[in-house]
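Undergrad: Can you read through this structure? Questions will come right after.
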Amino acid sequence: MKTIDTYSNKRVLILGLAKSGTAAAKLVHELGAIVTVNDQKPYEENEAAQQLEKLGIQVVCGHHPLELLNNTDVIVKNPGIPYTNPLLQEAMKRNIPIITEVELAFEISEAPFIGITGSNGKTTTTTLIYQMLEHGNKSPLIAGNIGTVACEVAQQATTENVIVTELSSFQLMGINTFQPRISLLLNIFDAHLDYHGTKEEYIEAKAAIFKNQTSNDYAVVNADDDSVINASKGSKATIVPFSTTKQLETGAYLKNDMVYFNDEAIITLDEIVLPGKHNLENILAAVAVVKLYGCDNEAICKVLTTFAGVKHRVQYVSTVKGRKFYNDSKATNMLATKVALSAFSQPTIWLAGGLDRGNEFDELKESLKNVKAVFTFGETAKKIERVAKEVGIQLVKCVDNVEQAVNDAYNCSDEGDVVLLSPACASWDQFKTFEERGDIFIESVHKLK
């Protein structure tokens, strides 16, 4: 870890705890800052705040008093807290810098970063990159939305490592100097508009991954996505494209049923075990990144011939009396669910629903051709039920929870069917996280045995 004096005797406000806020508070405290933690959760129920107080850190819980800004030089914000928060609005009026913990991670890290962002496919691609680099003896560490909080990983990293980091638009809005050696923008679709307000602001947040890169860095971009190409136009980095639809002079692409990088054949498509056409984008993006980092083809092929997917992302769970169950709890938007539904040609029983962000689900109609039954739950249950009935699906039922949906789906299924949890919604109406939702699905499937 680099020794920096940026925060020495600076008054730092940590806004929001959870994993990232707790890690950031401990780090800036160690760096000599005068730290105050402010979290919405009441003190009596807030174990993290109580532990931080024992370290000599001031904690204010239960509300966000504006008076805290009178003694604040910089705010480290939990990514999930929107900038519409009144305290943040007032901080911006006072020109108080607002960052996220990934900025702290970059400031102290001895290791370079690979930054991965996009609307969908981040976790799969981040995992592919990490595993390829690991097999290629490049000493990677994994951080961000996947794995450990970035500023914790950065404290342990040395110049021998590279930190492979999954980044959300929420995190990227809070960077000032963060500069990945290799950046990757997978795709851009309408997502998190309740947070960003407009698609333009969402794209601007994603494009921040490029803003500090120089000509010595690389930006890997999806040549098939016009929004990605436009977002990368201002980048000073060397642009390296990937495409599933056209052969490229440079970058990663498909040719003669093989994956290529530049003019070099890497692996045949038949050898790749990761299911679904949508994953070809993730694979090509990962190949481009690791080839730029000097990874050999043997390491790439080792991963692509063994890696079958990540937990909660079209994850095969089990086969029960000829019915295959898949957990896609990480599908928190409609595009992710479209992709999941398109991965199967078998008759499918679809389990969906969750937090109501105000949108309807009509754009999913074209993806329901193989769906024979639908079980809905959560705040959006009735909205999804309407769409399913309008396309002529005969068995559509609202249920109380995921466990009931699994049981009812099994009872109406036939041998050879797929039962797919792909909610198309965030999980926060009934669950703390999408992981909790997926784990309950997995547990319910195993109970069927």
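The values are calculated or read from the model by the stated rules, or taken from the named source; none is laboratory data. Note that the structure is a prediction, hence the values are computed from the model and not measured. Cβ placement follows ideal geometry from the backbone for every residue including glycine, while neighbour counts extend to all protein chains displayed. These accessible areas exclude ligands, DNA and RNA; they are computed on the full protein's heavy atoms, side chains included. Shrake-Rupley method; radii C 1.70, N 1.55, O 1.52, S 1.80 Å.
Undergrad: Exactly one of (1) in contact with a Phe, Trp or Tyr (Cβ under 8 Å, 6 or more places away or on another chain); (2) crowded, with 22+ Cβ neighbours inside 10 Å; (3) among the small types (Gly, Ala, Ser) is unmet by Ala223. Its number?
TA: Failing condition for Ala223: (2).
Undergrad: Would you tally the residues in the range 353-362 being surrounded by 15 or more Cβ atoms within 10 Å (Cβ to Cβ) and closer than 14 Å to Lys389 by Cα?
TA: 1
Undergrad: Would you mind stating whether Val310 is modelled with pLDDT of 90 or more and surrounded by fewer than 20 Cβ atoms within 10 Å (Cβ to Cβ)?
TA: When the stated conditions are applied, Val310 does not pass them.
Undergrad: In addition: Would you please list the contacts, defined by Cβ atoms under 7 Å and residues six or more apart or on different chains, that run from a residue in the range 108-119 that is buried (at least 24 other Cβ atoms within 10 Å of the Cβ) and in a strand (DSSP E or B) to a residue that is at pLDDT 95 or above and of a type in the set (D, E, K, R)?
TA: Hits for this filter: Phe113/Arg181; Ile114/Arg181; Ile116/Glu166.
Undergrad: Identify, please: which residue in the range 377-402 is closer than 20 Å to Asp439 by Cβ and of a type outside the set (A, V, I, L, M, F, W, C) and is, among those, surrounded by the fewest Cβ atoms within 10 Å (Cβ to Cβ)?
TA: Filtering first and then ranking leaves Asp400.
Undergrad: For the range 342-352: of the residues being in contact with a Ser or Thr (Cβ under 9 Å, 6 or more places away or on another chain) and either open to solvent by 40 Å² or more (accessible area, probe 1.4 Å) or part of a loop (DSSP other than H, G, I, E, B) (or both), which is modelled with the highest pLDDT?
TA: Only one residue fits best here, namely Pro347.
Undergrad: Which one of the conditions (1) in a loop (DSSP other than H, G, I, E, B); (2) crowded, with 19+ Cβ neighbours inside 10 Å does Val273 fail to meet, given that it meets all the rest?
TA: For Val273, the exception is condition (2).
Undergrad: Something else now. List pairs: first residue in the range 133-153 and farther than 29 Å from Leu31 by Cβ, second residue surrounded by fewer than 21 Cβ atoms within 10 Å (Cβ to Cβ) and at pLDDT 95 or above anywhere in the structure, Cβ distance under 6 angstrom, at least six positions apart or on different chains.
TA: Taking only residues 6 or more apart or on different chains, the pairs are His135/Ala299; His135/Lys302; Gly136/Asp296; Gly136/Ala299.
Undergrad: OK, next. Out of all the residues in the range 339-379, which are among the basic types (Lys, Arg) and in contact with a Pro (Cβ under 8 Å, 6 or more places away or on another chain)?
TA: Selection gives Lys372 alone.
Undergrad: Also: Can you tell me which of (1) without any contact (Cβ under 8 Å) to a residue 24 or more places away in the chain; (2) touching a Cys at 6+ places or on another chain (Cβ under 7 Å) is the one Ala49 doesn't meet?
TA: (1)
Undergrad: Then there's this: Which of the residues belonging to the range 239-257 are in a strand (DSSP E or B) and either open to solvent by 50 Å² or more (accessible area, probe 1.4 Å) or among the polar types (S, T, N, Q) (or both)?
TA: The answer is Ile239, Lys255.
Undergrad: In this structure, is Ile129 modelled with pLDDT of 95 or more and either within 22 Å of Ile4 (Cβ to Cβ) or open to solvent by less than 40 Å² (accessible area, probe 1.4 Å) (or both)?
TA: Yes.
Undergrad: Same structure, new question: Can you name every residue in the range 207-220 that is open to solvent by less than 30 Å² (accessible area, probe 1.4 Å) and charged (D, E, K, R)?
TA: Result: Asp217, single match.
So that you can scan it fast, the table gives a plain yes or no per residue for (1) free of Cβ contacts under 8 Å to residues at least 24 places away in the same chain; (2) farther than 26 Å from Gln213 by Cβ:
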| site | (1), (2) |
| --- | --- |
| Lys233 | yes, no |
| Ile239 | yes, no |
| Phe242 | no, no |
| Gly251 | no, no |
| Phe261 | no, no |
| Ala265 | yes, yes |
| Leu274 | no, yes |
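Undergrad: Still on this structure, please answer the following. Of the residues that make up the range 333-341, is at least one part of a loop (DSSP other than H, G, I, E, B) and touching a Cys at 6+ places or on another chain (Cβ under 9 Å)?
TA: The answer is yes; a qualifying residue exists.
Undergrad: Which members of the range 369-393 meet the condition of being in a loop (DSSP other than H, G, I, E, B), within 17 Å of Arg357 (Cα to Cα) and of a type outside the set (A, V, I, L, M, F, W, C)?
TA: Selection gives Gly378, Glu379, Thr380.
Undergrad: Return a yes/no flag: does the range 394-401 have any residue that is over 23 Å from Gln430 (Cβ atoms), over 26 Å from the mean Cα position of the chain (by Cα) and assigned to a helix (DSSP H, G or I).
TA: Looking for residues that are over 23 Å from Gln430 (Cβ atoms), over 26 Å from the mean Cα position of the chain (by Cα) and assigned to a helix (DSSP H, G or I), one finds none in the range 394-401, hence no.
Undergrad: If we scan the range 403-411, do we find a residue that is open to solvent by 10 Å² or more (accessible area, probe 1.4 Å) and in a loop (DSSP other than H, G, I, E, B)?
TA: No, the range 403-411 contains no residue that is open to solvent by 10 Å² or more (accessible area, probe 1.4 Å) and in a loop (DSSP other than H, G, I, E, B).
Undergrad: Further question on the same structure: Among the residues of the range 114-167, count how many are of a type outside the set (Val, Ile, Thr) and closer than 24 Å to Leu17 by Cα.
TA: The qualifying residues number 16.
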